[in-house]
Amino acid sequence: MDTMSVTVRRDFCVGNGNCVRVAPEVFALEGSGPAEVLTKNPSDDLREQVEEAEAFCPTDAIEVIRL
Amino acid sequence: MLGESLLLLDGEEHYKRRRLETGLFTSSALRYYESKALAPVIGRTLARYLDGSRPGEAVKMDLVPAVLDMLYGLGAAVLGIDGVDTPERADHFKALFIKMSDGATVTHSANDHDQLLREAVEARAEFIADFYSASLARRRVLVARWRADEIAKEDLPRDLLTSLILNEVFGDDPYLPLREMVLYMIASIRTTLHALPHVVGHLAEWTSSHPADEAKLVDPTFLRNATTEAIRLHAGLPSVVRIAKESVTLASGLQVEAGRTVSILLDQVNKDPSVFGPDADTFDPYRKTTATGPKGRGKVAEWGLAFGSGAHVCIGRRLVIGDEQGRHDEGTEVRGTAFGILGLLYAYGMTTDPTRPAKLDQGTFYDAYESFPIVLNSVENLVSQADH
């Protein structure tokens, strides 16, 4: 069962790359971005990493909806 | 007083420390502070102001010291300092932190710098003896028990001090956590304490000309928008200073050579009509911004640059203003300290006090309030809340 839904607000993202370093299974970045979501509904064992990436993003570009 | 704290680190060192401390500001951590720390602190603080008042009578109080007490109480929980649980202990904790903060910001003081630093060092010694040592010892025991599988990770406190112990940040410098604490306390209090009286003042004027919006004073979306708008107009600092790591030409054509110090004047950039509209210097809780940086990226926040930008953007901004409503499911959203305090005060019928005008702090050229008298008119609700 999906427990969360992850999106990147492309107009907010500045390609800082923190999300990729924190949660590489979920986010990817090519060049200056914007970041891409590799796994829109990551498994629950990635919750801590996804929450950290959300909080770490300097432009509030990551949206995590708890399902 | 702030050496090697997060504020002054850069590059990889900054990344590592920031990542470690980001754990204090995740959604689940923020919801934890809101329910376990902020709500009780607000209740305790309001109960102090109720002392001596009679049921049925409106309660007069000053928003500035009340908010200051609430923020110091919340700050103690986020930092990981125990024993700030009685009015006397809370006052002692606040007095020591004010002295340490004055020492940390001595560069901007017009008072005797040597004396301020002397008092800050004395306050630090007293703080270690009266609060810090016991808080540190308790957390070290808990972390050791967790490492021995005697307790679950969920049983560890969620605070800065525990994070620093877990990640073994101390090294050979026993004062590093203290400097980090002073930084967090200054940063968390300055913006919120500065902004909240402005929010209330602006909303009093706004609702007098838009009476239909009075009903929205307890609405989370309206109150968040009003708060971010007031923070845009009254940022906690007049400017932020950066040093250019490499030469750069800005979109405006301005060239900045590597090594140059650049001061960003927040009052000017946050009232830029090309970004916030022709009425950028006025308060509008319905303002929307659509401006972005180059190539349509890096959308300008509603609060402008009040929380900074980039790698050093304020780590605690969600703690202050919460998330846009609707971004998370009902019950899991982060509401923010500003809504936590103002929403409750408005629920108790907060108005400005017509008999006592607010006073700006004459000790600074900045627009900080020294006193902002308010009246709580629905005191019955307040009495029953405090009784519980």
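Bear in mind these aren't lab numbers, they're just calculated from the coordinates by the rules spelled out. Please read all numbers here as calculations on a predicted model, not as lab measurements. Please note: Cβ atoms are built from the backbone with ideal geometry, for glycine as well, and neighbour counts cover all protein chains shown.
Numbers below:
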item: Where N is the number of residues in the range B:108-173, Cα Rg divided by 2.2 N^0.38 Å; result: 1.52
item: Sequence-separation-based contact order of the range A:4-66, relative, with Cα cut under 8 Å and 6+ spacing, percent; result: 47 percent
item: Max mean-square fluctuation residue, GNM over chain B, Cα-Cα springs under 10 Å, options B:125, B:358, B:37; result: B:125
item: Dipole of the protein assembly as shown, positive end: most advanced residue of B:253, B:68, B:306 [Cβ charges, Cα centre]; result: B:253
item: Isotropically averaged projected area of the range A:4-66, using the convex hull of Cα atoms (one quarter of hull area), nm²; result: 3.4 nm²
item: The range B:261-328 and the range B:118-154: distance between their alpha carbon centers, rounded to Å; result: 37 Å
item: Cα-Cα pairs of the protein assembly as shown separated by more than 29 Å (percent); result: 50 percent
item: In range of the label at residue A:48: residues from the range B:120-161 whose backbone nitrogen is under 18 Å from the point 7 Å along Cα→Cβ; result: B:142-161
item: Chain B: relative contact order in percent, alpha carbon pairs under 8 Å with at least 6 residues between; result: 21 percent
item: From phi via Karplus (6.51, -1.76, 1.60), per-residue ³J(HN,Hα) for the range B:33-44 in Hz, x at Gly/Pro; result: 4, 5, 8, 8, 10, 5, 4, x, 5, 4, x, 5
item: About the Cα centre, charge dipole magnitude for chain A (Lys/Arg +1, Asp/Glu -1 at Cβ), debye; result: 160 debye
item: Radius 10 Å from Cβ of residue A:7, net charge of other residues (Lys, Arg +1; Asp, Glu -1); result: +2
item: Cβ charges +1 (Lys, Arg) and -1 (Asp, Glu), total dipole of the range B:99-248, debye; result: 280 debye
item: Using a Förster distance of 35 Å, the FRET efficiency for residue B:311-residue B:221 (Cβ separation, nearest 0.05); result: 0.75
item: Counted charge near residue B:114, where neighbours are those whose Cβ lies closer than 15 Å (Asp, Glu -1; Lys, Arg +1); result: -2
item: Lysine pairs with alpha-carbon atoms under 18 Å apart, the protein assembly as shown, spacing 8 or more or separate chains; result: 6
item: Within-15-Å neighbourhood charge of residue B:130 [Cβ basis; K, R +1; D, E -1]; result: -1
